[in-house]
Structures are given as C-alpha cells and as structure tokens.
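Structure first, commentary second.
The values are calculated or read from the model by the stated rules, or taken from the named source; none is laboratory data. All values reported here derive from a predicted model rather than from experimental measurement. So basically every Cβ, Gly included, is an ideal-geometry build from the backbone, and we count neighbours across all protein chains shown.
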Amino acid sequence: MPHSLPLIPWFRSALLTAGLLAAVNGATAQVRLPRLVSNGMVLQRDAPVRVWGWAAKGEKVNVAFQGKTYQATTGPDGQWRVTLPAMKAGGPYELNIKASNELSVKDILVGDVWLLSGQSNMETPMSRLRDKYPAVIAAAANPQIRQFEVPLTYAFQKPRADVTGGKWVAADPQTVLQFSGVGYFFAREINAKYQVPVGLIKDAVGGSPAEAWLSAAALRQFPTYEQQGAKYKDSLLVASTRQRESAAVADWYRKLYQTDQGEAPGQPKWSAPGYDASAWATMSVPGYWAGQTPLGPVNGVVWFRKEVDVPAAMAGQPARLELGTLVDADSTYINGQLVGTTGYQYPPRKYEVKPGVLKAGKNVVTVRLISNGGRGGFTLDKNYQLTAGGQTLDLRGPWQYKLGATMPPTPGTTTFQYQPGGLFNGMIAPVLPYAIKGVLWYQGESNTGRPQDYQALMTSLIADWRTYFQQPKLPFLYVQLANFMAVKPEPGESGWAAVRDAQRRTLAVPHTGMAVITDVGEWNDIHPLDKQTPGHRLALAAQKVAYGDAKVVSSGPLYQEMQVTGNKASLSFGSIGGGLVAKGGGSLKGFAVAGPDKKFVWAEARIEGKKVVVWSNKVPVPAVVRYAWADNPEGANLYNREGLPASPFSTEPDPAAGATGRR
C-alpha cells in the first residue's frame, strides 16, 4: 500500500535531526507529534494513514484509535510511525498516544484532505471577498470543513521535518475569513455532494514561481534553476544578503521621510485638516500622475487631497472609505485622523472609519502615496467612494496633489521564498507523510516572463510530488490563468497566453484536471474577486479525476487537432459536452490565423457540428490557428452547452517536444 512504504531517505534524515533535537533536554525525550497531527485534524478516508512523531531512541509508543492499538518503537533517528488501516468517513474521534508521556488528539474527522498550493490567488482569504460573498460567509458554520494553514517557510540546505506553526480550524462565519477563497468554495461543493468532511491544507505563497516548489531531485532536470537555488544553501550568504538589503531599504525610507515636505518638522503637516492647499495643482482620480501631470514618472511621495461635502445624515456615523487599489503604499487620513495604511499595491483599500470622524459640511480626505518604482497612482475602474448612514459619496474626479519628495526607485531585494527549491523544502516536505486525496494548484502568474519553461516545470512538479507523497496517481487539479491587463485590438504575442497553453498541454499528464477562468478575471487586478467560479470548476474536475464520475462534464472544449482544406482550418475538440456554442449568440470571436509567415490576423469562425471552421481571406494557406491568445482575451466566446469556456490554445506543435526549460 502506498502509505505504508518506508520513509524517503532525505525525510528520514530530517526526522533524525528533529529527533536528536527532541532528545537534548534529557535522556528520555517525551513523545512529540508534528503540528499537522493535532486537534481537529481531518484524516484521509479509504486509504492507509500514517501517524508519526518523535521520541527517545528505542522508546515504545502505543497509538490507540477507534478501539484498536498500534505499536511502534522509536528508531535510531528518533522517529516512530504507525500506519492506520483505511477507514470510512466519520467522526469525531480521539487518538491516544502512550509512551513515557501521554498525548491525546481530539475532535478528529475522517474524510477527504486536499492540499492547496500555488501563489496569491490560492492564498487569497475569504476576508478579501467579504463584500462579494456576505451571505456565503454568514452561512459558513460547518464543522465538517476545516483548514490548516502552513506558515511561510523556506529552506535551502535540506527539507524541514515539520511545519513552523498552524492549527486545524473548523469553518464558521469568523474563522472562514482566513480560509482560502478558492479552497473554501471547492470544499463547500465537495462536502455537499459527497457528504464527507473536507480538510484543506493551505500551503501557498504569494508571488511564488513554480520552480520554488520543486525538490532538489526535480531541479536537477533544470540546471539553470538548480544553479540559481544552489547558492542559497550558504546560510551566511542568505543572512548577510538579507541584512544588507534590509539596511538599504530602511535607509531609503529614512531618507524619504526626512525629505518629505509634507512631514517636515516646524510646519503644518499636509495631512492636517486646516492646511492651506489652495496653491496645489489638480489631477483627475483615478489615474496615474506620470501621464496626467507635469511630474512625469517620478518616484517618492505624492500627496493628494480632496474636499468632500458631507450631508448631516452621514456626520458622526461609522463610515467606509474605498480607494480602489493604490500604487504603491499609502497612509490615508480624514480630517487629519489616520484611517488606514497599506504597504503595497495589491490589497483593495477598504478603510473602516470610526464614528465621530466625519462632520457635516467640509471634510478633507488626504492620501500620502509612496511610489516605490514605475508608475504611481490610482488604479482605473475601481470604487472610489465614501459610505456612511446609507449614503455614498463618489470620490472620483479632481483631486489636489503636490510632490512631497523625489527618490530613486526603492533598492531591490532578494525574495528568498521565490528561489528554486526553497518552498518545497520549507512547506511541502513537512506535509509529505500526511495522506491526502489530491492537490489543488493555482499558480503561473509569476512564470509568464518565461512561458517556454512552464510545461516542463509543471510536468516535473506533478511527477515530483507524486513520488514524494508515494501516490503515483495522485489527482492534481489546477486553475488556468485568468484574463488580465488591458485588451489589445490586434492579435499578438502574450506570455500569459503562452502559460495558459502550457497549462492546457499539461493535461497530457494522467490524473490531471484544469479549470478555465478566462471569463472571470479583472483587467485591472491580478487578484480577481470571483473565487467561487474557480472553486466550482475545480470541483467539477475533482468529480471526474478524483471521484471517478465518468458522466460529469468537467471542462469546456479542449482543442485536439486541425485539418486544412484550401483556406479553411477545421478544428476538432474534446469535452464538448452537449455541443459547441457561441456564448450569447452571434458569431464566434477570439480566433486568429496565420500562414507560414506566422503573421496573425483576426479570423472568421463558425461552428459546424462538433468542429469549428476558421478562415481569413487574408491567409490563403492557414498554418497556425490561435484562440483567446492574449493577456486579456475579452470577448472570446466558444463554450459548451454546459456553460464551460473553451481553453485558449495554439495549434502549433507541442513546444515540450523541444528543449523547453531544461537549460
């Protein structure tokens, strides 16, 4: 059975270190459990389950569960383990461990355990989504859905034996705010359909590239990435680099504050409500000062002020100030009182204003906006408003502005958690003994600059994790990248499209599934708020791949092959379900065609039965067809009758047949 196989050698070594550390305080070390094996845990049903821990060398350990006792003796590595037989869903249960001391693990459920990994769109918590899904959050009381959040940890010298923190938490309207949004919506569907507990292990890091999640063995296939990560095995180098870079950044902010005229000592602060800003220039918000003002692409601090006439009904009331997203960091005041601050560009600015801050008549909203590099300003097409007492004031339009300080871009820093292998060692390795049902993966944004590597990286990652989890058929389900950035009028190259196509081609790996979400993104936000659709489409994929439902239509149309006759290309698809449709009626959109010169033009396309025929009078001999090939393929409308969108694709030969990534 896969879960009763011996421990992998490097993991045994990590456990040896942990066991030795456990023994240093005395001749007899008390039995100790990994943090995952703790109160409220969910164990995987229908599969052997390993329970493990540490104790003194040679110590006998008894594990009692569901009326049976399992025995183990601690080995020279300081580690013991027992394997529980496959169990049906149920609970709550209690697990008792007796050695030189006794431990009890309470409130255990047996159900399905899913590992959630990737970058920030998997990490995004329900708290970020509370305005979009208030009813879902209010109804979240369900002790059968639980999450364990693995803290951010990286390691380069060797894999860690245990995670650095975390605990199992059952969902309720308060705790669910820390659940992965995608994960929670997925778990809610799986729990409702199969009536079993669902445990989520949230193991994701914002901004992380795929190579950070590969083991040392897998990285050997990618010499460039292996060499990149190898230097960080030098802990002194890591420490000195972190110290040097942190000092440089601290010095930048110190100089910024010292030179910021709006904070200058001995004169009125620019955030003060009575400050005279009558000489300030104006700029339209939302927008970026580089394109709207004589300031140009300056970095440093720019102050913004807007006078707002507040009606008496709003005065004194608790309020919410929404300022879209700001690039990069802000401190925001109302009438001189700090109401919120955010240190980087991505979080939506939704600041709760205490009662008594707003007054009838003139109020002043002031934003001290730091630009660390690139274009600073207010993101377009977001909410900029002040709400209180059931009324909302629109804050868009002219704002006064003044440059507080000019600085060079903030010094660059090494993001150690993004380096190859670091997150596998720090966050995946400690989880490997834990039996799971499958993996949910939402990642790829950080690899769009190197799309040619992505299919090889993901194929290796899937095989790598299956090896270390000792589950060769481990279901691996992932989200394809959403649509993002401004729409372009003509066909062109796109790193985002190339990663999407690599994700589509990765479906060639058995026991994988993909959720297409090019219809739910936001052009101006890399973190779209719709996390229900990805969760739902992952649940459809799980029904087919992990739960064996052969009848479910789990995906939109997937390109299979092209045949050319004259100037027309006929495309065949899988996963057509009840049939191909152009969503919303009308003609198909999003297709482009090129001849041997690879110069793409928009194409005509129509559905003919189970196929799509594509042509352009400008291309007499079609060589390549692309669909939805853009950062933001807005308007692409090929779906199946089940309402699932077709994956973007190119008919070009599989680039993985070449030397992708293995440089």
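From the list Pro645, Pro622, pick out the single residue that is over 30 Å from Ala210 (Cβ atoms), crowded, with 17+ Cβ neighbours inside 10 Å, out of contact with any helix residue (DSSP H, G or I) (no Cβ under 7 Å at 6 or more places or on another chain) and not small (Gly, Ala, Ser). First the steps, then the outcome.
On the way: Pro645 fails: over 30 Å from Ala210 (Cβ atoms).
Testing whether each residue is over 30 Å from Ala210 (Cβ atoms), crowded, with 17+ Cβ neighbours inside 10 Å, out of contact with any helix residue (DSSP H, G or I) (no Cβ under 7 Å at 6 or more places or on another chain) and not small (Gly, Ala, Ser) leaves just Pro622.
Please work out if Tyr344 is of a type in the set (Ser, Thr, Tyr), crowded, with 18+ Cβ neighbours inside 10 Å and closer than 26 Å to Arg130 by Cα.
So Tyr344 does not fit the description; no.
Can you find a residue that is assigned by TED's automatic domain parsing to the domain that holds Leu481, in contact with an Asp or Glu (Cβ under 9 Å, 6 or more places away or on another chain) and part of a helix (DSSP H, G or I) anywhere in the stretch 227-236?
no
Among (1) surrounded by 14 or more Cβ atoms within 10 Å (Cβ to Cβ); (2) touching a Gly at 6+ places or on another chain (Cβ under 9 Å); (3) over 15 Å from Pro273 (Cβ atoms), which single condition is Ala313 missing?
For Ala313, the failing item is (1).
Going through Thr459, Thr413, Thr467 one at a time, which residue ends up being within 30 Å of Trp523 (Cβ to Cβ), hydroxyl-bearing (Ser, Thr, Tyr) and at pLDDT 95 or above?
Being within 30 Å of Trp523 (Cβ to Cβ), hydroxyl-bearing (Ser, Thr, Tyr) and at pLDDT 95 or above holds for just one of Thr459, Thr413, Thr467, which is Thr413.
Check the stretch 495-502 and report whether any residue there is touching a residue at least 24 places away in the same chain (Cβ under 8 Å), surrounded by fewer than 22 Cβ atoms within 10 Å (Cβ to Cβ) and acidic (Asp, Glu).
Among the residues of the stretch 495-502, not one is touching a residue at least 24 places away in the same chain (Cβ under 8 Å), surrounded by fewer than 22 Cβ atoms within 10 Å (Cβ to Cβ) and acidic (Asp, Glu), which makes the answer no.
Are there any pairs, at least 6 apart or on different chains, whose C-beta atoms fall under 7 Å, with the first in the stretch 34-51 and assigned by TED's automatic domain parsing to the domain that holds Asp112 and within 14 Å of Leu200 (Cα to Cα) and the second of a type in the set (Ser, Thr, Tyr) and modelled with pLDDT of 95 or more, and if so, which?
Leu36/Tyr434
Considering the stretch 214-260 alone, what residues qualify as being among the small types (Gly, Ala, Ser) and under 27 Å from the mean Cα position of the chain (by Cα)?
Ser215, Ala216, Ala217, Ala218, Gly229, Ala230, Ser246
With (1) outside any strand (DSSP E or B); (2) among the polar types (S, T, N, Q); (3) not assigned by TED's automatic domain parsing to the domain that holds His527 as the list, and Thr392 as the residue in question, which single condition is left unmet?
Condition (1) is where Thr392 drops out.
Specify which of the listed residues (Pro528, Pro510, Pro596) is at pLDDT 95 or above, surrounded by fewer than 22 Cβ atoms within 10 Å (Cβ to Cβ), in the same structural domain as Gly438 (by TED's automatic domain parsing) and out of contact with any helix residue (DSSP H, G or I) (no Cβ under 8 Å at 6 or more places or on another chain).
None of the others qualify; the one that does is Pro510.
Looking at the stretch 538-552, can you tell me whether even one residue there is crowded, with 18+ Cβ neighbours inside 10 Å, closer than 25 Å to Tyr194 by Cβ and among the β-branched types (Val, Ile, Thr)?
Yes, because at least one residue in the stretch 538-552 is crowded, with 18+ Cβ neighbours inside 10 Å, closer than 25 Å to Tyr194 by Cβ and among the β-branched types (Val, Ile, Thr).
Is it the case that the stretch 464-483 has a residue that's charged (D, E, K, R) and surrounded by fewer than 18 Cβ atoms within 10 Å (Cβ to Cβ)?
Within the stretch 464-483, one or more residues are charged (D, E, K, R) and surrounded by fewer than 18 Cβ atoms within 10 Å (Cβ to Cβ).
Scan the stretch 83-135 for residues that are in contact (Cβ under 8 Å) with a residue 12 or more places away in the chain, outside any loop (DSSP other than H, G, I, E, B), more than 20 Å from Pro433 (Cα to Cα) and of a type in the set (A, V, I, L, M, F, W, C) and report the count.
So the count comes out to 3.
At pLDDT 95 or above and surrounded by fewer than 17 Cβ atoms within 10 Å (Cβ to Cβ): is that true of Thr282 in this structure? Reasoning before the result, please.
On the way: at pLDDT 95 or above: yes; surrounded by fewer than 17 Cβ atoms within 10 Å (Cβ to Cβ): yes.
Here the answer is yes, as Thr282 does meet what is asked.
Which condition does Pro534 not pass, out of (1) part of a loop (DSSP other than H, G, I, E, B); (2) in contact with a helix residue (DSSP H, G or I) (Cβ under 8 Å, 6 or more places away or on another chain); (3) closer than 21 Å to Val439 by Cβ, if it passes all the others?
Going through the list (1) part of a loop (DSSP other than H, G, I, E, B); (2) in contact with a helix residue (DSSP H, G or I) (Cβ under 8 Å, 6 or more places away or on another chain); (3) closer than 21 Å to Val439 by Cβ, Pro534 breaks only (1).
Give the residue, chosen from Val601, Val625, that is more than 32 Å from the chain's Cα centre (by Cα), on the phi < 0 side of the Ramachandran plot and not assigned by TED's automatic domain parsing to the domain that holds Ala541. Walk me through how you get there before you give the answer.
Details: Val625 fails: more than 32 Å from the chain's Cα centre (by Cα).
Going through Val601, Val625 in turn, just one is more than 32 Å from the chain's Cα centre (by Cα), on the phi < 0 side of the Ramachandran plot and not assigned by TED's automatic domain parsing to the domain that holds Ala541: Val601.
I'd like to know if the stretch 205-218 contains one or more residues that are in contact with a Pro (Cβ under 9 Å, 6 or more places away or on another chain), part of a loop (DSSP other than H, G, I, E, B) and closer than 27 Å to Pro409 by Cα.
yes
Could you please find all residues in the stretch 216-255 being loosely packed, with under 14 Cβ neighbours inside 10 Å and either within 30 Å of Ile462 (Cα to Cα) or modelled with pLDDT under 95 (or both)?
Listed by number, the residues that qualify are Arg220, Pro223, Gln227, Lys231, Asp234, Ser235.
Assess whether Val182 counts as being surrounded by 15 or more Cβ atoms within 10 Å (Cβ to Cβ), in contact with a helix residue (DSSP H, G or I) (Cβ under 6 Å, 6 or more places away or on another chain) and outside any loop (DSSP other than H, G, I, E, B).
In short, yes.
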